[in-house]
């Protein structure tokens, strides 16, 4: 019986991994210099809807598991008020993970964190934000009045900290 259950879990994990590609060629990218992000509406890890505030200066994205772990480790070392004090928002794309893995492991772990993380949890929305982006970097978007002024790809959290603390 244990083997059957284990086999089913493994099969469901692989089925979840074989979902259609996010790289939809017909999707319009959301992260483009000059574009507005005022329509950015995502839920945080506690399912609370959030939008970009007028005073937001930096929005940084993690589009891969290693980048997400790097950003989480960095933010866990900061004070609870670090992101609001620096007018920064953190967005993590969890859409590539199979649903069962998200519900059993990822989301419960994220709920334990002391800082807010806005989550992209939909393949179509993910395609809009990841199109043209370096998924293996921390993608940092500098905004002014809700409009994208600059997009940077950072390889480590020291560079992220320097950019946030500007």
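The values are calculated or read from the model by the stated rules, or taken from the named source; none is laboratory data. From a predicted model like this one, the values you see are computed outputs, not experimental measurements. Ideal geometry is used to build each Cβ from the backbone, glycine not excepted, and the neighbour counts take in all protein chains shown.
Does residue 108 satisfy being surrounded by fewer than 20 Cβ atoms within 10 Å (Cβ to Cβ) and assigned to a helix (DSSP H, G or I)? Yes; evaluated as a whole, the condition is true for this residue. Annotation note: Cβ proximity below 7 Å between a residue of the range 137-163 that is over 19 Å from residue 84 (Cα atoms) and a residue that is exposed (fewer than 15 other Cβ atoms within 10 Å of the Cβ) and modelled with pLDDT of 95 or more (sequence gap 6+ or interchain) occurs for 137/153; 137/155; 149/33; 150/33; 151/33.
Let's see how each residue does on (1) outside any loop (DSSP other than H, G, I, E, B); (2) at pLDDT below 95; (3) within 12 Å of the chain's Cα centre (by Cα):
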position: 9; (1), (2), (3): yes, yes, no
position: 32; (1), (2), (3): no, no, no
position: 59; (1), (2), (3): yes, no, yes
position: 67; (1), (2), (3): yes, no, yes
position: 71; (1), (2), (3): yes, no, yes
position: 83; (1), (2), (3): yes, no, no
position: 100; (1), (2), (3): yes, yes, no
position: 104; (1), (2), (3): yes, yes, no
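Among the numbered conditions (1) free of Cβ contacts under 8 Å to residues at least 12 places away in the same chain; (2) farther than 19 Å from residue 57 by Cβ, the only one that residue 85 does not meet is (2). Can you say whether residue 88 is touching a helix residue (DSSP H, G or I) at 6+ places or on another chain (Cβ under 6 Å) and within 21 Å of residue 141 (Cα to Cα), as far as the supplied structure shows? Spelling it out, residue 88 is indeed touching a helix residue (DSSP H, G or I) at 6+ places or on another chain (Cβ under 6 Å) and within 21 Å of residue 141 (Cα to Cα). Among the residues of the range 85-98, those identified as outside any loop (DSSP other than H, G, I, E, B) and farther than 15 Å from residue 64 by Cβ are 85, 88, 89.
Only one residue in 41, 102, 48 is out of contact with any strand residue (DSSP E or B) (no Cβ under 7 Å at 6 or more places or on another chain) and surrounded by fewer than 17 Cβ atoms within 10 Å (Cβ to Cβ). Which one? Answer to the check: 48. Flag set for residue 141, criterion: under 28 Å from residue 27 (Cβ atoms) and out of contact with any helix residue (DSSP H, G or I) (no Cβ under 9 Å at 6 or more places or on another chain). Being surrounded by 20 or more Cβ atoms within 10 Å (Cβ to Cβ) and under 11 Å from the mean Cα position of the chain (by Cα) is true of residue 139.
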